[in-house]
Amino acid sequence: MFKKSILIENKTSITTKNLQLVLQSEIRQSVIPIEDIGYILIDHAEVFISIPAINLLVDNNTAVIFCNTNNHLPNGMLLNLNSHHIQQEIFKNQINASVPLKKQLWQQTIIEKIINQGILLEKVSGKKNNFEFLASKVLSGDTSNMEGVAANFYWKTFFDFNNDQSVRENDFKRERFGKYPNNFLNYGYTILRAATARALSGSGLLNTLGIHHKSKYNAFALADDIMEPFRPLVDEKVSEIIKQYEEQELNTQIKAELLQLLTRTVYFKDEKSPLMVALQKTASSLQQCFTGERKKIKYPKLWS
């Protein structure tokens, strides 16, 4: 089912009435059925949210995302920890997954990511590249780090074909705390991460336990794994934004543009669906990999 994404950037009170979310700002009141909401992004220091509202949102598997007041990037998230009727059994299968299985799943994930990077790079440059060849060289567990090889070439050239002279002149480097348009990329990736985490949680999976990412400080390691092939969607959107807007700081319009990623159409073999729905299908297929029902994760094609 298609879900709404709500961005809150003003002083607002969030309460509930009759299983509906009541948003009361200084200028208007909005009432939205809880079941229609997939994501709430809170980006203001003076937002009140009641405990009943939090509980109803979490029960609905709504991702409630809080932004940092300094840089306005998503900083934390509330998710349902009991969102599947056989939660313990799913956790057990995930925890007991063999190392060879996890390596094979990571190999598939990186192959998908590199292929998608190659397709997008060809779209923006109009030139053929060797990313399919790089993808064919990915080993189990990506022990030869073809992900890094592909990323090095990808980021050296991706913005060379953009019309924004300021990006080209800045000699763009992809860095978490780097200069523009890294801020746009970071925002988009965080939205994608939250959507992936929500889908995984909804399938009963434990976000903390990744198939590749293993940092003890990372509560969303599995989301970081599974979002990898979808990253080029953010890159494409940011490329479009910097062609359309001269603004180099995140503003309401640019945030709204990046939030629209969740409704972007992607393509499975027999159907097309919005990204937020596709992520649920991907998460469900991963759960089936852990039970032995499937051998591969069901990733969509990002372009038709």
Original post:
What ranking of R174, R231, R198, R28 emerges when the number of other C-beta atoms within 10 Å of each C-beta is taken as an exposure proxy, fewest first?
Top reply: R28, R174, R231, R198
Original post:
Just from its helices, what would the mean residue ellipticity at 222 nm be for the chain, if runs of 4 or more DSSP H residues each count -39500 (n - 2.57) and the sum is divided by every residue, rounded to the nearest 500 deg cm²/dmol?
Top reply: -13500 deg cm²/dmol
Original post:
Taking neighbour counts of Cβ atoms within 10 Å as a proxy for exposure, in what order, fewest first, do L41, L286 appear?
Top reply: L41, L286
Original post:
Hey, if you drop one equal point scatterer on each alpha-carbon of segment 1-112 and run the Debye formula without solvent, what base-10 log of I(q)/I(0) do you get at q = 0.12, 0.13, 0.20, 0.21 Å⁻¹?
Top reply: -0.57, -0.64, -1.04, -1.10
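Return the loop-located GluC sites (Glu not before Pro) in segment 171-258 (DSSP other than H, G, I, E, B) with at most 14 other Cβ atoms within 10 Å of their own Cβ; answer none if there are none. It would help to have the intermediate numbers written out before the result.
On the way: sites: E175, E236, E240, E246, E247, E249, E257; in loops: E175, E246, E247, E249.
Listed in order of number, the matching sites are E175, E246, E247, E249.
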**OP:** Express in nm, to one decimal, how much length is gained between K127 and R28 on full extension, taking 0.36 nm for each residue of separation and deducting their alpha carbon distance.
**Re:** 30.6 nm
Original post:
Between segment 23-82 and segment 264-304, what is the C-alpha centre distance in whole Å?
Top reply: 27
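Figure the gain on full extension for D270 and E249 (residue separation times 0.36 nm, minus the Cα-Cα span) and round it to one decimal in nm. Provide the component values of the computation, followed by the final result.
On the way: separation 21, 0.36 × 21 = 7.56 nm, distance 3.97 nm.
Length gained, D270 through E249: 3.6 nm.
Could you give the size of the charge dipole of segment 170-304 about its Cα centre, using +1 on the Cβ of each K and R and -1 on the Cβ of each D and E, expressed in debye and rounded to the nearest 20?
Details: 21 positive and 15 negative charges, 112 e Å.
Dipole size: approximately 540 debye.
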Original post:
For segment 1-110, which GluC sites (Glu not before Pro) are in a loop by DSSP, counting at most 15 other Cβ atoms within 10 Å?
Top reply: E26, E46
Original post:
So for T196, T69, fewest C-beta neighbours within 10 Å to most, what's the order?
Top reply: T69, T196
**OP:** Can you tell me the dipole magnitude for segment 61-215 around its Cα centre, using point charges on the Cβ only (Lys, Arg +1; Asp, Glu -1), in Debye to the nearest 20?
**Re:** 160
Subject >> Relative contact order computed over the chain (Cα-Cα under 8 Å; 6+ residues apart), in percent >> reply: 16
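Loop only per DSSP, at most 16 neighbouring Cβ atoms within 10 Å: give me the trypsin sites (Lys or Arg not before Pro) in segment 224-274, ordered by residue number.
Numbers: sites: K237, K243, K255, R264, K269, K272; in loops: R264, K269.
When the trypsin sites (Lys or Arg not before Pro) of segment 224-274 are filtered for loop state and at most 16 Cβ neighbours within 10 Å, R264, K269 remain.
Compute the relative contact order of segment 1-53 as a whole-number percentage, counting only Cα pairs closer than 8 Å that sit 6 or more residues apart in sequence.
Values: 94 pairs, mean separation 25.0, N = 53.
Relative contact order for segment 1-53 comes out at 47 percent.
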Original post:
Quick one: if the Förster radius is 30 Å, what FRET efficiency do N70 and A256 give, using the C-beta to C-beta distance and rounding to 0.05?
Top reply: 0.90
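Rounding to the nearest 20 debye, state how big the charge dipole of segment 124-238 is about its Cα centre with +1 on each Lys and Arg Cβ and -1 on each Asp and Glu Cβ. Walk me through the numbers on the way to the answer.
Values: 15 positive and 13 negative charges, 31 e Å.
In debye, rounded to 20, segment 124-238 gives about 140.
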**OP:** Using a 10 angstrom cutoff on alpha carbons, build the Gaussian network for the chain and name the most mobile of V238, V58, V99.
**Re:** V99
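Any read-out appearing in this document is the output of simple, stated calculations on the displayed coordinates, not a laboratory observation. Everything numeric here is computed off the predicted structure, so don't read it as measured data. Because the Cβ atoms are built from the backbone with ideal geometry, glycine has one as well, and the counts that use them run over all protein chains shown.
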